[in-house]
Amino acid sequence: MGTQTVIITGGATGLGYAIAETFLHTGANVTLNGRTASKLETAAQKLQHPDRIHLVAGDITDSTFVPKLVDETVSRFGRVDVLVNNAGIFAVKPFLDYGIDELDQYLGYVRGTFALTQAVVNQMRNQGNGGAIINIGTILTFHSSQLSPSSAPIMAKAAITAMAKNLSFELANDKIRINTVAPGIVQTPLHDEIPQQTLNSFAKLHPLGRIGTPQDIADSVLYLANASWVTGVTLPVDGGVAAGGDGLNPLRQAA
Ligand SMILES: NC(=O)c1ccc[n+]([C@@H]2O[C@H](COP(=O)([O-])OP(=O)(O)OC[C@H]3O[C@@H](n4cnc5c(N)ncnc54)[C@H](OP(=O)(O)O)[C@@H]3O)[C@@H](O)[C@H]2O)c1
């Protein structure tokens, strides 16, 4: 396999950053996206491979921005081999407290993921030798939690997870594979509002006894990028939550 070129949305922090670092270690070229240019520049400095990193600041929920991400990647590196649909937001809230405008905000990520995936598939088809697309979903789509009422963000995650399964058939003839990683709770800036002690206490919700690290997820993304006989899969990377069913529900366990 030659040098891979990878587009990572939401790549300045958390999972996206670890995914970028992991691909850079393999010698890949990486296009890093996020809304905040300064955060991207800080990330690029830490990642230390200016010759193989291209920064494209912009909002993936803006359909006029999305094609730029692919165009700039092709101008800089000549091709796209892997897309990681990682950018996302998440806020825990009771169902009746969500405004319809908030639901629209989450659904903007579905629209953005759809548009970017279309642009990348078009590019991969023109290249003619396949490719890999990996979505970052969540285990909460399959295992609800009393600790995380999150109907609106879960609707968005469920949509991109279903899209991956559906597209895996449609794109198989093109050797374009599309899979989803479904993480448990992972230590990232997404949880900055949660006190560290509370976050640490979530370790016991995962059978393997700890919350995840960004590297746990990055390893699975790298695997799926190169697993040439795997498509249409939703891979739980969740410390064992998916194996049980009630792991994320301490109240039910106690009942
Ligand atoms: N951490 C977890 O426990 C966990 C569990 C399951 C799933 N996930 C999913 O993992 C993904 C990564 O989250 P994370 O935990 O790594 O959190 P994070 O550190 O907050 O990373 C999210 C990144 O996405 C960028 N972003 C947000 N909206 C964007 C947009 N519209 N366009 C472009 N970039 C955007 C953010 O940067 P800017 O604000 O500068 O744009 C940020 O760097 C998310 O999709 C999240 O839902 C996380």
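The values are calculated or read from the model by the stated rules, or taken from the named source; none is laboratory data. Quick caveat: nothing in here was measured; it's all calculated off a predicted structure. Here the Cβ is made from the backbone with ideal geometry for all residues, glycine too, and neighbour counts use every protein chain on show.
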Please pick out the residue among Gly130, Gly112 that is under 28 Å from Val74 (Cα atoms), within 17 Å of the chain's Cα centre (by Cα) and at pLDDT 95 or above.
Gly112
Gln146: away from the ligand (no atom under 11 Å from the Cβ), surrounded by fewer than 20 Cβ atoms within 10 Å (Cβ to Cβ) and touching a residue at least 40 places away in the same chain (Cβ under 8 Å), yes or no?
yes
Give the residue that is nearest to the ligand (Cβ to nearest atom), with candidates limited to residues of the stretch 165-193 that are without any contact (Cβ under 8 Å) to a residue 40 or more places away in the chain and exposed (fewer than 15 other Cβ atoms within 10 Å of the Cβ).
Asp192
Select from the stretch 225-243 the residues that are surrounded by 19 or more Cβ atoms within 10 Å (Cβ to Cβ) and in contact with a Lys or Arg (Cβ under 8 Å, 6 or more places away or on another chain) and list them in ascending order.
Thr231, Gly239
Go through Thr13, Thr42 for me and flag whichever is more than 10 Å from the ligand (Cβ to nearest atom) and of a type in the set (S, T, N, Q).
Thr42
Looking at Lys39, Lys93, which one is closer than 29 Å to Ile139 by Cα, part of a helix (DSSP H, G or I), out of contact with any Gly (no Cβ under 8 Å at 6 or more places or on another chain) and not polar (S, T, N, Q)?
Lys39
Matching entry among Leu32, Leu55, Leu24 (being among the aliphatic types (A, V, I, L, M), away from the ligand (no atom under 11 Å from the Cβ) and either part of a strand (DSSP E or B) or at pLDDT below 95 (or both)):
Leu55
Going residue by residue through the stretch 60-81, is there one that turns out to be crowded, with 21+ Cβ neighbours inside 10 Å, away from the ligand (no atom under 15 Å from the Cβ) and outside any helix (DSSP H, G or I)?
yes
Criterion (at pLDDT 95 or above and out of contact with any helix residue (DSSP H, G or I) (no Cβ under 6 Å at 6 or more places or on another chain)) met by exactly one of Thr180, Thr213, Thr198, Thr188
Thr213
Does the stretch 37-57 contain at least one residue that is within 30 Å of Ala172 (Cβ to Cβ), of a type in the set (Asp, Glu), surrounded by fewer than 14 Cβ atoms within 10 Å (Cβ to Cβ) and free of Cβ contacts under 8 Å to residues at least 60 places away in the same chain?
no
Spot the failing condition for Thr13; the list is (1) touching a Lys or Arg at 6+ places or on another chain (Cβ under 7 Å); (2) more than 13 Å from Ala87 (Cα to Cα); (3) not aliphatic (A, V, I, L, M), and only one is missed.
(2)
Report, ordered by the first and then the second residue, all pairs with beta carbons closer than 8 Å, sequence separation of six or more or different chains, a first member in the stretch 68-89 that is in contact (Cβ under 8 Å) with a residue 24 or more places away in the chain, and a second member that is crowded, with 20+ Cβ neighbours inside 10 Å and among the aromatic types (Phe, Trp, Tyr).
Val82/Phe23; Ala87/Tyr109; Gly88/Tyr109; Ile89/Tyr106; Ile89/Tyr109
Might you let me know whether the stretch 97-107 holds any residue that is buried (at least 20 other Cβ atoms within 10 Å of the Cβ) and within 11 Å of the ligand (Cβ to nearest atom)?
yes
